[in-house]
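Every number here is computed from the coordinates shown, using simple stated rules; none is lab data. Quick caveat: nothing in here was measured; it's all calculated off a predicted structure. Here the Cβ positions follow ideal geometry from the backbone for every residue, glycine too, while neighbour counts run over all protein chains shown.
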Amino acid sequence: MAKKILIVDDERTIADTLSVIFRGLGYETFAAYNGLLGLDAARNIDPDLILTDVFMPGMDGVQMAIEIRATLPHIKVLLFSGQASTADLLQVAENLGFHFEVMQKPIRPEEIIRQVKQALAKAA
């Protein structure tokens with residue numbers, strides 16, 4: 001059975017493009033376009049991994065990741081961001097006992113693929 005990846009980004013082109021890339025690699029993919037939709041999708045589809053942007057309107061990716069880890073701890077979460085102020089959000093997560101790695105934009109597709117494969121291999 002194919003591993004399920006949920007991609008969350010308020011930039012629809014990025015979410016949809018990553019979804020197509022990973023589907024082409026044999027994964028079952030889903031896209032959500034903000035943190036709240038991503039949280040709902042995660043609860044409904046129970047993905048193996050969530051790949052999410054950090055800065056989105058409403059619920060940001062770090063807050064969504066905290067909610068996921070607290071309620072669905074078996075789901076791996078990878079964050080990516082192009083904003084330098086990500087460190088502040090990550091510190092809030094650390095203070096709550098959650099640690100997340102962030103890939104910095106711009107990031108090459110090959111690197112995203114490598115990181116996803118590595119995270120899923122750790123889960124196996």
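Structure summary
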quantity	calculated
At q = 0.17 Å⁻¹, base-10 log of I(q)/I(0) for region 34-107 (Debye sum, equal scatterers on each alpha carbon)	-0.56
Mean residue ellipticity (222 nm) of the chain, computed from DSSP H runs ≥ 4 via -39,500 (n - 2.57), nearest 500	-15000 deg cm²/dmol
Under 18 Å from the Cα of Lys122 - aspartates and glutamates, other chains or at least 8 residues apart	Asp46, Asp48, Glu101, Glu111
Point-charge dipole on Cβ atoms (K/R +1, D/E -1) for region 45-124, about Cα centre, debye to 20	260 debye
All Cα pairs of the chain, percent lying beyond 16 Å	57 percent
Length-normalised contact order of the chain in % [C-alpha pairs under 8 Å, at least 6 apart]	22 percent
